[in-house]
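The values are calculated or read from the model by the stated rules, or taken from the named source; none is laboratory data. All values derive from a computational prediction rather than experimental measurement. Cβ atoms come from the backbone with ideal geometry, glycine included; neighbour counts cover every protein chain shown. Calculation scope for accessible area: heavy atoms of the full protein, side chains included, ligands and nucleic acids excluded. Shrake-Rupley method; radii C 1.70, N 1.55, O 1.52, S 1.80 Å.
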Amino acid sequence: MSTLAVRAPLAWLGPGRLVEDALVVMDGGRVVFAGSSKQLAVRFAGEAGSETLSGEPVPPEPDQEIHVDGFVMPGVVDRHVHIGLSDPGAVLAGGVTAVRDLAWPADTIFSLAEASESPSFNGPLIRCAGPMITCTGGYPTQSSWAPKGTGIQVRGPGDSAEAARHLIASGAAVLKVALNADAGPTLSDEDLLAVCEVGHEAHVPVTAHCQGRGQVHRAVGAGVDELAHAPWSERLSDDLIRAMAKRMRIVSTLDIHAFGKDTPEVRVALENLHRFIGEGGTVVYGTDLGNGPIPPGIHVGEVWHLYRAGLSAEGLLQALTYRPLAPGEPADLVALGRNPLENLGALGEVRLVIRAGRRAR
């Protein structure tokens, strides 16, 4: 694998690290240097690692150098997609270097996630939940968007625990449970507790689709780690919001309730999320890609909703990303035409995408 360097007038490398005259050097799929080019007191020369700067090896001389007249930031991560309903290549080209698939049949999604580890894969890195754990006849087994096998129907806590263990053994990075009372029956509290116990023992988080009155309260009580959507079907009490902010995070998926319009559902979701953020809760970016006309890649409409919910400009970049650009971190970055800290519309101006140290096709 060749050594690649990217230069830009400005870069956000991670929280609190906005640098001018930015240089990011990548080798072997990892970042070996990220900072201002002025930090390098010596030129790239000689054998790699033969000189040191501040006790660290000088980056190797790059085989290729790309100059971007714009803004560099870590690659964007979409924490809620259904990648089988989209084009992985278009997702990557749009600036998203990693995704988390939150419900798809096991016979396809686990092999696709494994394939995404290959350098030849034209798409983002994929982590997945596999099928959603639900009860007999529960969501999403009757939904038109979901192929057969998108939900695992369980009967009782023993069956729920076994389903969770099987998914983890198959490669699930997260377990997803369905609590959609608007669509039919839901898992029992005992089922929820069983799934959470298995997940937590294996250090695998549990995320929940909560829809219908009382379902978020049940998820919090069972120890669910995350909500797969900002709650939109009811206004949550302040006490519940405070409890959530202390123990779970929320994946945004706001624009699926609006698609660029103002709707009662998105207003409820924004109000709940605004109070959650005000209590110190963690929000991460997710679009539910595959659900309606959500574009592949960075969805600026979702970002604007998050801004309306109360995230600062830098808070938005934190919600959009996972790891910083720093030595030893994955060599995933996006270059934009302008600075999104000054204008969020810049997130729709993708100029360059690097995934695992390679320029995206």
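Go through the residues of region 67-85 one by one and say whether even a single one is at pLDDT 95 or above, under 30 Å from residue 31 (Cβ atoms), open to solvent by 30 Å² or more (accessible area, probe 1.4 Å) and within 20 Å of the chain's Cα centre (by Cα). Checking region 67-85: not a single residue is at pLDDT 95 or above, under 30 Å from residue 31 (Cβ atoms), open to solvent by 30 Å² or more (accessible area, probe 1.4 Å) and within 20 Å of the chain's Cα centre (by Cα). Taken over region 186-199, residues that are touching a residue at least 40 places away in the same chain (Cβ under 8 Å) and either open to solvent by 10 Å² or more (accessible area, probe 1.4 Å) or of a type outside the set (A, V, I, L, M) (or both) amount to 3.
Rundown of residues vs (1) of a type in the set (Asp, Glu); (2) more than 26 Å from residue 321 (Cβ to Cβ); (3) buried (at least 21 other Cβ atoms within 10 Å of the Cβ), yes/no style:
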residue: 127; (1), (2), (3): no, no, no
residue: 142; (1), (2), (3): no, yes, no
residue: 154; (1), (2), (3): no, yes, yes
residue: 158; (1), (2), (3): no, yes, no
residue: 165; (1), (2), (3): no, yes, no
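When 202, 183, 163 are checked against the criterion of being under 30 Å from residue 295 (Cβ atoms) and touching a residue at least 24 places away in the same chain (Cβ under 8 Å), a single residue qualifies: 183.
Among residues that are under 25 Å from residue 318 (Cβ atoms), surrounded by fewer than 18 Cβ atoms within 10 Å (Cβ to Cβ) and of a type in the set (S, T, N, Q), residue 282 is included. Against the numbered list (1) more than 20 Å from residue 286 (Cβ to Cβ); (2) open to solvent by less than 10 Å² (accessible area, probe 1.4 Å); (3) of a type in the set (A, V, I, L, M), residue 326 comes up short only at (2).
If the condition is being assigned to a strand (DSSP E or B) and of a type outside the set (A, V, I, L, M, F, W, C), then region 59-108 contributes 64, 65, 67, 74, 78, 79, 80, 97, 100, 101. When residue 284 is tested against the conditions (1) within 14 Å of residue 209 (Cα to Cα); (2) touching a residue at least 60 places away in the same chain (Cβ under 8 Å), the lone failure is (1). Within the bounds of region 290-311, is there any residue that is open to solvent by 10 Å² or more (accessible area, probe 1.4 Å), of a type in the set (Gly, Ala, Ser), part of a loop (DSSP other than H, G, I, E, B) and in contact with a Gly (Cβ under 8 Å, 6 or more places away or on another chain)? Among the residues of region 290-311, at least one is open to solvent by 10 Å² or more (accessible area, probe 1.4 Å), of a type in the set (Gly, Ala, Ser), part of a loop (DSSP other than H, G, I, E, B) and in contact with a Gly (Cβ under 8 Å, 6 or more places away or on another chain), which makes the answer yes.
Among the residues of region 286-329, those identified as small (Gly, Ala, Ser) and over 19 Å from residue 227 (Cβ atoms) are 292, 297, 301, 312, 313, 326, 328. All of 230, 219, 245 fail the test of being outside any helix (DSSP H, G or I), open to solvent by less than 40 Å² (accessible area, probe 1.4 Å) and either under 17 Å from residue 310 (Cβ atoms) or not polar (S, T, N, Q) (or both), apart from 230. Within 20 Å of the chain's Cα centre (by Cα), open to solvent by 50 Å² or more (accessible area, probe 1.4 Å), modelled with pLDDT of 95 or more and small (Gly, Ala, Ser), is that true of residue 111? It is true that residue 111 is within 20 Å of the chain's Cα centre (by Cα), open to solvent by 50 Å² or more (accessible area, probe 1.4 Å), modelled with pLDDT of 95 or more and small (Gly, Ala, Ser). Scanning region 91-108 for residues that are farther than 23 Å from residue 182 by Cα, aliphatic (A, V, I, L, M) and open to solvent by less than 40 Å² (accessible area, probe 1.4 Å) returns 91, 92, 96, 98, 99. For region 347-359, the set of residues classified as over 19 Å from the mean Cα position of the chain (by Cα) and surrounded by 21 or more Cβ atoms within 10 Å (Cβ to Cβ) consists of 357 only.
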